[in-house]
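The values are calculated or read from the model by the stated rules, or taken from the named source; none is laboratory data. This one's a predicted model, so the numbers in the text were calculated from it and none came from an experiment. Here the Cβ positions follow ideal geometry from the backbone for every residue, glycine too, while neighbour counts run over all protein chains shown. Surface areas here come from the heavy atoms of the whole protein model, side chains and all, with no ligands, DNA or RNA. Shrake-Rupley method; radii C 1.70, N 1.55, O 1.52, S 1.80 Å.
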Amino acid sequence: MSQVLVIGARGKTGRHVVSGLVSRGVSVKAASRNPDEFVGGHGVPTRFEWHDDSTWGSALDGVDAVYLVKPESEDVVDVVTQFVSRMQDAGVRRLVLLSECATETRTDEVAERRAELAVEATSLDWTILRPSWFMQDLIDDDFFGPMVRDDGIIVMTTGGSATAWIDARDIAQVAVELLISGGSSQQALDLTGPQALTLSELADHLSAAKGTPVLGVEETVADAESRMRRDGYDEDTVAYLTRIAVSIIEGHTSTVTGHVESITGHAPRTLESFLAENEARLQPSAPTDTSESVEQTDLAAQNEALFRRLVAAWARSDFDALLDCFADDMIYTDMPFHDAPVVGKPAFRRHVTDYNALFAHGHVDTELVTVVSTDSHVVGELSCRAVYVGPGAPTDGVPVHWYATLVDTVVDGKVTSEHAYFDPTAFANAVQHVTA
């Protein structure tokens with residue numbers, strides 16, 4: 001093999017593909033839009049731009065194999081189709097495409113599946129990699145990193161299903177072996193780490209590595225879509241991320257495969273080892289100037305994160321974590337009984353402990369239907385489900401579903417007052433329904 005072109009050479013996997021190939025004595029063209037600014041340490045910086053096909057010819061000249069990371073663009077299918085055609089014309093033999101998990105479950109009209117089909121239609125010696133979620137996303141500033149570090153939460157839409165997180169370096173090592181030695185020709189490979197974890201289990205691993213609690217917050221599909229639209233995501237991106245969430249819910253990310261070990265000869269890295277290696281990046285960000293930091297911080301976003309932690313702690317009956325969200329002199333009011341407010345943390349602990357005891361195992365499943373936050377208040381609507389075992393309930397309890405709206409006032413990162421609006425007759429009505 002004379003040369004390999006690595007597209008995405010500065011990305012999470014691409015930079016490891018470059019270094020892995022070079023360490024094996026392979027000549028590498030490291031593709032970059034601005035090769036003069038390339039700081040990779042390996043490979044030959046090569047100008048390449050997806051939307052300037054005049055750069056394709058020189059990049060492909062003398063190349064035997066390509067590692068291809070798709071462009072982030074609306075016309076991704078057309079661009080990939082044209083590029084793989086140019087690869088064949090240039091005499092390239094081998095292609096490793098980085099795709100994504102569960103793409104085979106998408107319809108042929110969906111962009112990510114259509115890009116795969118464009119590759120499958122060629123005469124190239126191709127392999128498609130479909131990795132699970134990257135472990136690197138847990139510390140990445142553009143993904144989960146800030147919420148894990150600074151808010152102590154991780155928000156995902158999983159429906160209770162598990163995900164087999166994988167280290168990007170293991171993906172890269174698989175790609176290196178395939179680019180050099182071939183194998184797995186005309187196949188799509190699902191790449192995973194060694195263990196599939198639920199959101200709760202993932203939060204436990206993050207908590208252990210960080211040294212402080214990290215709560216897993218389950219977000220419904222509808223709530224996630226609303227949040228993305230508020231944050232300015234376009235509809236194509238919302239639809240794409242929703243497809244990923246649905247794949248997790250349907251269990252497509254929960255199967256652990258052995259492809260990493262069978263191709264590289266070593267087991268994939270564990271999440272524990274990855275988090276231990278990156279422990280420093282799990283710690284809260286330290287502001288350089290407190291006054292400037294407060295001015296620049298989005299208090300509304302902080303307050304929403306606080307509210308999500310509060311709801312998650314209540315749903316898990318984690319009263320220590322719950323009370324940590326409140327000020328010492330907090331006031332809680334069940335609005336159906338507004339003349340009996342609960343004042344102070346000790347009284348509130350007794351109140352919420354007694355309340356959760358009304359439900360089997362002290363457990364209430366909660367989903368955030370809507371949450372709106374400002375720099376001083378948060379309003380959240382919750383959909384709650386539990387098995388009611390309180391006064392009047394039959395021996396085995398009775399399933400009950402109710403909605404509650406919480407209105408919280410936040411001062412200096414703590415809830416100073418909370419008003420809970422709900423229909424207290426929901427429980428009596430549920431009992432009456434099953435005993436009638």
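Structure summary
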{"read-out": "Number of positions in region 390-408 that are surrounded by fewer than 16 Cβ atoms within 10 Å (Cβ to Cβ), over 26 Å from Thr374 (Cα atoms) and touching a Cys at 6+ places or on another chain (Cβ under 9 Å)", "value": "1"}
{"read-out": "Only listed residue being under 12 Å from the mean Cα position of the chain (by Cα) and open to solvent by 50 Å² or more (accessible area, probe 1.4 Å), chosen from Asp150, Asp142", "value": "Asp142"}
{"read-out": "Members of region 332-345 found to be part of a strand (DSSP E or B), in contact (Cβ under 8 Å) with a residue 24 or more places away in the chain and touching a Phe, Trp or Tyr at 6+ places or on another chain (Cβ under 9 Å), listed by number", "value": "Tyr332, Asp334"}
{"read-out": "Condition check for Glu120: open to solvent by 20 Å² or more (accessible area, probe 1.4 Å), out of contact with any helix residue (DSSP H, G or I) (no Cβ under 9 Å at 6 or more places or on another chain), of a type outside the set (A, V, I, L, M) and farther than 30 Å from Met156 by Cβ", "value": "yes"}
{"read-out": "Candidate set from region 180-216 (those that are part of a helix (DSSP H, G or I) and either among the β-branched types (Val, Ile, Thr) or in contact with a Ser or Thr (Cβ under 9 Å, 6 or more places away or on another chain) (or both)); member that is farthest from Trp314 (Cα to Cα)", "value": "Ile180"}
{"read-out": "Single condition Ser262 does not satisfy, out of (1) touching an Asp or Glu at 6+ places or on another chain (Cβ under 9 Å); (2) open to solvent by 50 Å² or more (accessible area, probe 1.4 Å); (3) modelled with pLDDT of 95 or more", "value": "(1)"}
{"read-out": "Residue selected from region 290-319 under the condition in a loop (DSSP other than H, G, I, E, B) and open to solvent by 60 Å² or more (accessible area, probe 1.4 Å), by the criterion modelled with the lowest pLDDT", "value": "Asp298"}
{"read-out": "Residue check for Ser247: open to solvent by 20 Å² or more (accessible area, probe 1.4 Å) and of a type in the set (Ser, Thr, Tyr)", "value": "no"}
{"read-out": "Which numbered condition Ser132 fails, given (1) farther than 24 Å from Val26 by Cβ; (2) surrounded by fewer than 22 Cβ atoms within 10 Å (Cβ to Cβ); (3) among the hydroxyl-bearing types (Ser, Thr, Tyr)", "value": "(2)"}
{"read-out": "Residue within region 45-53 that is assigned to a strand (DSSP E or B) and open to solvent by 40 Å² or more (accessible area, probe 1.4 Å) present", "value": "yes"}
{"read-out": "Output for region 72-99, where each listed residue is exposed (fewer than 13 other Cβ atoms within 10 Å of the Cβ) and assigned to a helix (DSSP H, G or I)", "value": "Asp89"}
{"read-out": "Long-range neighbours under 7 Å by Cβ, at least six apart or interchain, first residue within 26 Å of Arg350 (Cβ to Cβ) and of a type in the set (Ser, Thr, Tyr) within region 293-318, second at pLDDT 85 or above and open to solvent by 30 Å² or more (accessible area, probe 1.4 Å)", "value": "Ser317/His363"}
{"read-out": "Hits in region 100-142 (condition: in contact with a strand residue (DSSP E or B) (Cβ under 9 Å, 6 or more places away or on another chain), farther than 30 Å from Glu272 by Cα, touching a residue at least 40 places away in the same chain (Cβ under 8 Å) and in a loop (DSSP other than H, G, I, E, B))", "value": "Leu124"}
{"read-out": "Within region 162-216, considering residues that are farther than 26 Å from Glu279 by Cα and polar (S, T, N, Q), the one least open to solvent (accessible area, probe 1.4 Å)", "value": "Ser184"}
{"read-out": "Among residues of region 346-389, those that are open to solvent by 30 Å² or more (accessible area, probe 1.4 Å), closer than 24 Å to Val431 by Cα, in contact with a helix residue (DSSP H, G or I) (Cβ under 7 Å, 6 or more places away or on another chain) and assigned to a loop (DSSP other than H, G, I, E, B), counted", "value": "1"}
{"read-out": "Hey, Gly216 touching a strand residue (DSSP E or B) at 6+ places or on another chain (Cβ under 8 Å) and under 30 Å from Lys29 (Cα atoms) or not", "value": "no"}
